[in-house]
Amino acid sequence: MERERDDEVATVDVQFTDLPNALVACKVSEEIFSNQSLKVRFEELFRSYDPEATFQFFKSFRRVRINFSDALAAAEARAALHKSDFQGKEVRLYFAQSVHIGSPRLEPPKPDKQFLLSPPPSPPVGWEQSQDATPVINYDLLCAIAKLGPGEKYELHTGTPTTPSVVVHVCDSEQDSSGGEEEVDGVRRPRPKIIQTRRPDYPVTQ
């Protein structure tokens, strides 16, 4: 009989240790936040289950968080006071959910693309440098351009009913290619030479 009783107590302990030790009262009366006597009466409801209970009042959300010393006291208070009446309003109690944020320390970022930084740290495991692709050289185009002479033209792309043709014209001489003359009223005249601005003389310091 004693062994069965011990097993029952151990089972109860495991069940209640998985529960949070805090309750949240939602949509409480707004008078609780301004009336001190009502606040004391509200706290006494829960202190009967745990004299060491603490309270956090959130007026903007009309909520109160009740922190108990253990999860068993929180479960007993919720079972007895949930949907009970206080100052003409129904008290709704819910277990406060604990949020696990992981390690309390700030962990370094994962080294997925750290090798792209400058200066780069050590590359990740398994990283291999990619090989540069072989450049594409159009030898037919280079051969045709090499055969061009003055006054000749070469059609790079044959025109179609929907696209124009691309034709390369070679200049006749260096004078035409340099653009040293301009045509005005049918007469070719040399372009005026732009004279550079002379640098001012600086006084000699002794």
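Couple of notes before you dig in:
- Rolling a 1.4 Å probe over the protein heavy atoms of the stretch 48-94, with every protein chain left in place, gives an accessible area that is 46 percent carbon and sulfur.
- Neighbour cut-off at most 12 other Cβ (10 Å), DSSP loop, trypsin sites (Lys or Arg not before Pro), the stretch 17-112: LYS27, LYS59, LYS83, ARG105
- A 1.4 Å probe over all protein chains sorts THR160, THR197 by accessible area into THR197, THR160, starting with the largest.
- Figure note: PHE58, PHE95, PHE42 ranked by solvent-accessible area, largest first, 1.4 Å probe, ligands and nucleic acids not counted: PHE58, PHE95, PHE42.
- Three-way shape call for the stretch 31-71 based on the alpha-carbon gyration tensor, with the a/c threshold at 1.5: oblate
- Once the C-beta distance of ALA133 and VAL166 is scaled by a Förster radius of 25 Å, the resulting FRET efficiency is 0.45 to the nearest 0.05.
- Additional length obtainable on full extension of the chain from GLN36 to SER48, 0.36 nm per residue less Cα span: 2.5 nm
The values are calculated or read from the model by the stated rules, or taken from the named source; none is laboratory data. Just so you know, these numbers come straight off a predicted model, no measurement behind them. All Cβ positions, even for glycine, are placed from backbone atoms using ideal geometry, and neighbour counts span all protein chains on display. Areas reflect the complete protein model, heavy atoms only, side chains present, ligands, DNA and RNA absent. Shrake-Rupley method; radii C 1.70, N 1.55, O 1.52, S 1.80 Å.
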